Amino acid sequence: MRVLLVEDDNRFADALMVALRRQGFDVHRVATAAEGLAAPAADLVLLDLGLPDMDGIEVCRRLRGAGETAIIAVTARGEERDRVIGLRSGADDYLVKPFGIAELMARIDAVMRRVRPVAHPVVTARGLRIDLDRREVTGADGAAVALARKEFELLTALARQPGTVVARERLLLEVWQSVWPGAQRTLDVHVATLRAKLGDPRVIRTVRGVGYQLAVDEPARPGDGA
């Protein structure tokens, strides 16, 4: 997902870019309102409201008027009045500095689900059928697969990005809201259990040093089976 970071604080921006890129985001950073308004379209804008050349509220209004890009206002302005103004100017959410990366990831996930709901909530992977809306998984034999809550949340995190490698840190944040070292082992155990319950270890592919990938079914092409 393409993220535009509009932030004039270099130290804060550098740290945030590192964290976002570790989660697999494609991040482009600019330091002024003028650069932000002229930047290529992005899926999400993280917008500082205290910019040097234009008030961030006005930037937010212009970005909202230009299209349907998701916008999260990122600012030190924490008063209720400021939050209300920011939301009314077109921001989809409002995050007050300082904040943790886990909170930011949760806000991003919530905003993107609202502004871009899943068009096809049913995902197929090596004969499995994963219904994200109904929270149901059906095996290749047609039988229901019973999963614990965390197991289904982990499968959902992979199924929302079918065929894409999802970083370990992103999975930990989305499912467990934590990246503490012990959680890494918890993730591996849940993946192993999930593979066993799904009946095919190849459904979830390990990409060493990066994360995991759901092996989705390839669409049939003209001439297949001929």
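Hey, could you check the stretch 148-171 for residues that are part of a helix (DSSP H, G or I) and within 13 Å of the chain's Cα centre (by Cα) and say which is surrounded by the fewest Cβ atoms within 10 Å (Cβ to Cβ)? Working first, answer last.
Within the stretch 148-171, the first condition is being part of a helix (DSSP H, G or I), and the residues that meet it are 149-159, 168-171.
Within this subset, residues satisfying the condition of being within 13 Å of the chain's Cα centre (by Cα) are 156-159, 168-171.
Working: 156: 17, 157: 19, 158: 28, 159: 23, 168: 20, 169: 21, 170: 19, 171: 22.
Only one residue fits best here, namely 156.
Among the numbered conditions (1) surrounded by 14 or more Cβ atoms within 10 Å (Cβ to Cβ); (2) in contact with a strand residue (DSSP E or B) (Cβ under 6 Å, 6 or more places away or on another chain), tell me where residue 26 comes up short.
(1)
Against the definition (hydrophobic (A, V, I, L, M, F, W, C), touching a helix residue (DSSP H, G or I) at 6+ places or on another chain (Cβ under 6 Å) and under 30 Å from residue 62 (Cα atoms)), how does residue 108 come out, yes or no?
Working: hydrophobic (A, V, I, L, M, F, W, C): yes; touching a helix residue (DSSP H, G or I) at 6+ places or on another chain (Cβ under 6 Å): no; under 30 Å from residue 62 (Cα atoms): yes.
No; evaluated as a whole, the condition is false for this residue.
So for the stretch 148-160 (the condition being at pLDDT 90 or above, of a type in the set (A, V, I, L, M) and within 20 Å of residue 19 (Cβ to Cβ)), does at least one residue qualify?
There is no residue in the stretch 148-160 that is at pLDDT 90 or above, of a type in the set (A, V, I, L, M) and within 20 Å of residue 19 (Cβ to Cβ).
Looking at the stretch 95-111 only, could you name the residues that are among the small types (Gly, Ala, Ser) and farther than 19 Å from residue 180 by Cα?
Start the filter on the stretch 95-111 by keeping residues that are among the small types (Gly, Ala, Ser), which leaves 100, 102, 106, 110.
Matches in the stretch 95-111: 110 only.
In the stretch 48-59, which residue that is under 25 Å from the mean Cα position of the chain (by Cα) and at pLDDT 90 or above is surrounded by the most Cβ atoms within 10 Å (Cβ to Cβ)?
If we take residues in the stretch 48-59 being under 25 Å from the mean Cα position of the chain (by Cα) and at pLDDT 90 or above, then 59 is surrounded by the most Cβ atoms within 10 Å (Cβ to Cβ).
Tell me which residues, restricted to the stretch 113-125, are of a type outside the set (Val, Ile, Thr) and either buried (at least 17 other Cβ atoms within 10 Å of the Cβ) or at pLDDT 85 or above (or both). It would help to see each step written out before you state the result.
Kept after step one, since they are of a type outside the set (Val, Ile, Thr), are these residues of the stretch 113-125: 113-114, 116-117, 119-121, 125.
Within the stretch 113-125, 125 is the sole residue that qualifies.
Taking the stated definitions as given, is residue 174 modelled with pLDDT under 90, surrounded by 15 or more Cβ atoms within 10 Å (Cβ to Cβ) and not assigned by TED's automatic domain parsing to the domain that holds residue 69?
On the way: modelled with pLDDT under 90: yes; surrounded by 15 or more Cβ atoms within 10 Å (Cβ to Cβ): yes; not assigned by TED's automatic domain parsing to the domain that holds residue 69: yes.
Yes; evaluated as a whole, the condition is true for this residue.
Taking interchain pairs and intrachain pairs at least six residues apart, which have beta carbon atoms under 8 angstrom, with the first residue in the stretch 10-24 and over 17 Å from residue 165 (Cα atoms) and the second charged (D, E, K, R)?
Qualifying pairs under 8 Å: 12/97; 13/7; 13/29; 16/7; 17/29.
Identify the single condition in (1) free of Cβ contacts under 8 Å to residues at least 24 places away in the same chain; (2) in contact with a helix residue (DSSP H, G or I) (Cβ under 9 Å, 6 or more places away or on another chain) that residue 27 does not satisfy, given that it satisfies every other one.
Single failed check for residue 27: (1).
Does the stretch 180-190 hold any residues that are at pLDDT below 85 and within 16 Å of residue 153 (Cβ to Cβ), and which are they?
183
What number of residues within the stretch 115-147 are under 17 Å from the mean Cα position of the chain (by Cα) and either within 16 Å of residue 46 (Cα to Cα) or among the hydroxyl-bearing types (Ser, Thr, Tyr) (or both)?
Residues that pass the stated criteria total 1.
The values are calculated or read from the model by the stated rules, or taken from the named source; none is laboratory data. As the structure is a prediction and not an experimental result, all values here were calculated from the model. Ideal geometry is used to build each Cβ from the backbone, glycine not excepted, and the neighbour counts take in all protein chains shown.
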